[in-house]
Every structure is written in C-alpha cells, then in structure tokens.
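Take a look at the structure below.
The values are calculated or read from the model by the stated rules, or taken from the named source; none is laboratory data. Keep in mind that this is a model prediction, so the values were computed, not measured. When we count neighbours, we look across all protein chains shown, and the Cβ atoms used for this are built from the backbone with ideal geometry, even at glycine. The protein model used for the area step is the full one, side chains on, heavy atoms only, and it has no ligands, DNA or RNA in it. Shrake-Rupley method; radii C 1.70, N 1.55, O 1.52, S 1.80 Å.
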Amino acid sequence: MSESILKVRGLTKTFKVPANAAGKNQLRALDGIDLDLARGETLGLVGESGCGKSTLARTLMMLERPDSGSVTWDGVDPFSLKGKDLLALRRRVQMVFQDPYASLNSRMSAADIIAEPWRTHKMMYKTSRDRAARVRELLHLVGLRPSDEHRYPQEFSGGQRQRLGIARALALNPSVVICDEPVSALDLSVQAQVLNLLNDLQKQLGISYVFISHDLSVVRHVADRVAVMYLGRIVETGATDAVFDRPAHPYTEALMSAAPKLDAASRGKRIILDGEVPSPLNPPSGCRFRTRCAHATDICASTVPPAAVDERESGHVAECHHLRRPIELGVPVAVG
Ligand SMILES: Nc1ncnc2c1ncn2[C@@H]1O[C@H](COP(=O)(O)OP(=O)(O)O)[C@@H](O)[C@H]1O
Ligand SMILES: [Mg+2]
C-alpha cells in the first residue's frame, strides 16, 4: 500500500452511561480498531447504526480521547500535541457532517460561515478584499455562485447547503476530510451531485477521505477501500471490489446480499440478518457477531476470531472462525 497518512492501532473508547438492568455502565463504542488511510484515497466505513462509526470519526478528529490504542497522523500522535502544534494538525483534518441544516449557523451568511475557520485559527487575510476573493474562490470550487456569499443557510436547498458545508471544510486547505454520512439527508438525485463534487475535489486537491455511510451503494461508488464495522470492531477490510464481490466475513456477506444490485446476474440469495445488533454494554463473548450468524459454532462463543489475511489480495483482512471464502489464518486469540 502507498504511504499512510493515518494509522490507527488497537483504538478503544468506552463511555460511562447509566447502569443497565445487569448493572453494566461501561459502553465500549470502539474495541480495538486498526485502520490505515493512504494519501489521496477514500476509505469507506460501513456498518449498521450504533456500531461506532461516528465515535471513530470523532476520535480521529480529536473530539474524543481514546481509552487506549493509538492514532497517528503522519507519524504524530495528536493527543500528545498542545498549543500551536495541535492547532496546525486540526487545520489538516476537517469534517463534513450529515445534517447541513444543523451544522450551519442560520444567523451567519455563507461568506461568514466559510470564513469562520479562519477566525478560529487566527488566520488573517491582509485585506478584506483578499478574504472576499478567497470566499468566492471556495464558493466556485464547490459549485456555488459568487453572489451566494450574501445568502443564509435557510435560503439554500439541501444540496447547496452541503456544498457550503464542504466549502467551510476546505477553507483551511485540509489534507484529510472525514465525511460522516454526508449525503444521507439528501434526495437521491442530489446525492449523486454531491458525491461527484467530493470526487472532483479529491482529484483536484489530492484530499484523502474517510467516508462514513450506512448506504452500501454510496460507499461502493466512492471508496477505494472499505472497512466493515460491527459492534465497535472492524470485522472486514479490503479493496472495495474484493469486499463487495468476494466478502469473507458472514456479516459482510449478509450486508452485501441485502444491498440492491443493478444487474440481475450478480443478484444472489438474500441473507436475512435476524434480530438487532446486541448492546455494546453487553457484547457477546468470542465473536461479537455470533448471536446473529448462521455459521456460528462453539468456538465462536469461546474464542475471539483471529484476523485472517488474504495474501493474494493486498490488505484483505477478516476476523472470523468460519470465513465464507478461504483466507490464510493467523493465530487464534483466547478470550480472557
Ligand atoms: N457521548 C456518548 N455517551 C454515551 N454513549 C455514546 C456516546 N456517543 C456514542 N455512544 C454510544 O456508542 C455507540 C456507538 O455510537 P455511534 O458512534 O454514534 O455509532 P454510529 O455512528 O455507527 O451509528 C452507541 O451505542 C451509542 O449509543
Ligand atoms: Mg453515526
């Protein structure tokens, strides 16, 4: 793989919550996440609601502090930084949120919204003309008009608002943008336009994306590689085509089988996922997917599955005792 801009190893994040009936109050939202992001690539992060996608995004953004494990941006641990160095790193990693309605201040004009990060980061333009020119440049970059600078968020359509959210994210020239469900609140036709914009921006500016979505067709469209999350863990990761066409983990297989397919030839049998995702307050022992898995046996309850790596497909990894296709096995890890 090409050079990593982001490396995550063994990342764990627990929230203290009101105790449930069993007296448990430690909610483990992330449980040993390993992740790599290469420069200029798009990593898709998929998984059902509640599996920890947003917590992972917030931890990468340094908005949450992990309990253990490491995050490194270009080899630097962001949680060790202070003052100017921290601010400089924060500039490089920006976020686009799901809901452009909630994430944009309705009392600010588009120009002020785009310029706000400069204020936060104490970046002054020499003259107000320079500042205005850069605002217009950013509006143009995201497909809005120069005259839009005077408009307020509520005067824009949903798609235009998300373009404005993207312009704000780009104001500081980030090298990475974390997109958390960026098109989920938009109409289908508008989704495609915003995805194409993100794609064009990546080509023009060389940005890397972590692209979070519960919508598999969206991820297939944008991602170079995919990581599949289940209950705070990444259960399978690999090149987008490998994960979509040759899923090794039964959870990935079930997710993919439920996703709409365009061509009839690739429509296989739909695998129904029974029941709900278990509570992260009380995750199953061994393999956390076993309670919903059609292939589970005794070992799945007793032993955490090892990470299996397919040597032929670079970086295809899955954690399962009963892989749906052969992957060379690592060493099993005992529970306890
Ligand atoms: N600040 C928090 N306090 C307590 N629990 C939280 C907090 N943030 C997230 N969680 C819990 O962590 C789990 C993962 O949530 P989240 O990361 O939002 O998942 P996703 O984005 O995949 O839907 C959920 O069980 C959620 O309720
Ligand atoms: Mg979320």
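Atom-type composition of the exposed protein surface of the chain places 51 percent of the accessible area on carbon and sulfur (1.4 angstrom probe).
In this label model, Lys203 and Ala133 are separated by 2.8 nm, measuring between points 7 Å along each Cα→Cβ vector.
In this structure the chain gives 49 Å² per residue of accessible area when probed at 1.4 Å with all protein chains present. Which of rounded, prolate, oblate describes the stretch 1-123, given a ≥ b ≥ c as roots of the alpha-carbon gyration tensor eigenvalues and a/c under 1.5 marking rounded, otherwise prolate only if a/b is larger than b/c? In terms of gyration-tensor shape, oblate. Set the Förster radius R0 to 41 Å, insert the Cβ-Cβ distance between Ile299 and Asp77 as r into 1/(1 + (r/R0)^6), and round the FRET efficiency to 0.05. So, using R0 = 41 Å, E works out to roughly 0.70.
Remark: the stretch 155-227 carries a charge dipole of roughly 180 debye about the Cα centre, counting +1 on each Lys and Arg Cβ and -1 on each Asp and Glu Cβ.
What is the chain by shape, rounded, prolate or oblate, if you read a ≥ b ≥ c off the alpha carbon gyration tensor as root eigenvalues and call it rounded for a/c under 1.5, prolate for a/b larger than b/c, and oblate otherwise? Cα axes put the chain in the prolate bin. Applying 0.36 nm per residue to the separation of Ser279 and Asp99 and subtracting their alpha-carbon distance, the gain on full extension is 62.2 nm.
Shape class for the stretch 52-194: oblate, because the ratio a/c of the largest to smallest gyration tensor axis (alpha-carbon atoms, square roots of eigenvalues) is 1.5 or more and b/c is at least a/b. Computed from backbone phi with θ = phi - 60° and the Karplus coefficients 6.51, -1.76 and 1.60, the 3J(HN,Hα) list for the stretch 101-109 is 6, 7, 8, 10, 6, 6, 8, 10, 6 Hz; x is used for glycine and proline.
Listed by number, the DSSP H helices of the chain that run 24 Å or longer by alpha-carbon position along their axis and have mean Kyte hydropathy of at least -1.0 are 188-205. In straight-distance terms, cross-link reach from Lys269 covers every one of the aspartates and glutamates whose alpha-carbon lies under 13 Å from its own, apart from those fewer than eight places away in the same chain; here that gives Glu253. The packing ranking, built from the mean of other Cβ atoms within 10 Å per residue, places the peptides 102-115, 209-222 in the order 209-222, 102-115, highest first. From the phi angles alone, apply the Karplus equation (6.51, -1.76, 1.60; θ = phi - 60°) to the stretch 228-244 and give each ³J(HN,Hα) in whole Hz, x where the residue is Gly or Pro. Once rounded to whole Hz, the list reads 9, 9, 9, 6, x, 10, 8, 8, 8, 8, x, 4, 3, 5, 4, 5, 6. Amide H to amide H, with H built 1.01 Å from N, Asp74 comes under 5 Å of Leu6, Lys7, counting only residues 5 or more places away or on other chains.
Amide H contacts of Met95: Ile178, each under 5 Å away and 5 or more positions distant or on a separate chain (H built 1.01 Å from N in the peptide plane; Pro and chain starts excluded). Each other residue within a Cβ distance under 13 Å of Gln26 adds +1 if Lys or Arg and -1 if Asp or Glu, for a net charge of +2. Database remark: amide H of Gly44 closer than 5 angstrom to the amide H of Phe211, Asp224, Arg225, Val226, Ala227 (H placed geometrically; neighbours at sequence offset of 5 or more, or on other chains; Pro and chain starts carry no H). Among 270-277, 19-26, 46-53, 130-137, sorting by the average number of other beta carbon atoms lying within 10 angstrom of each residue, highest first, gives 46-53, 130-137, 270-277, 19-26.
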